[in-house]
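Some notes on the structure that comes next.
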Amino acid sequence: MTALRRPWISGRLGGGALALVAAAVTCACAHEPPPRLPSSAIHDRTASRVELVDFVISDRERARKVRALYQEIEELMRAAQSVESRELAKVGSASLRSDGELRDCVAASREAELAALERYVQVQLEIRALTTPQEFARLDRIR
């Protein structure tokens, strides 16, 4: 099942990586913040869900497990964002001298994002297995 999702994720991340490079160049010239990456949006949605799990799931043990999974998602996305920030800083620095170094920065960012998103899919499936369809839908509506 992951193999089916990989081309979609890889294509999306490839576009995201190109957007990252374009944003770095644009930011250096136009003083605009870089575009939000998928990990940023996922992190924002997950952070609000962690606090509300107990209101949606009445069974304490299941709620504890689901909360731990949402916290894992938060950590995954923070780690991906950290790598992306570090690589974006390299792209914007004067010490970046070659196309190969630029490609390495983009590749490192893309790999971190891909790994986080692949694990995110697995964790979402675990959350779905631990929740009823109604609970999952209620949690999914939280933004």
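Each value in this text was obtained by applying a stated rule to the coordinates, not by laboratory testing. Every value quoted in this text rests on a predicted model; they were computed, and no experiment measured them. Here the Cβ positions follow ideal geometry from the backbone for every residue, glycine too, while neighbour counts run over all protein chains shown.
For the pair Val121 and Ser98, a Förster radius of 30 Å applied to the C-beta separation gives a FRET efficiency near 0.30, rounded to the nearest 0.05.
On full extension, the segment bounded by Ser82 and Glu111 gains 9.2 nm, given 0.36 nm per residue less the C-alpha separation. Highest mean first, the peptides 67-80, 125-138 sorted by other C-beta atoms within 10 Å per residue fall in the order 67-80, 125-138.
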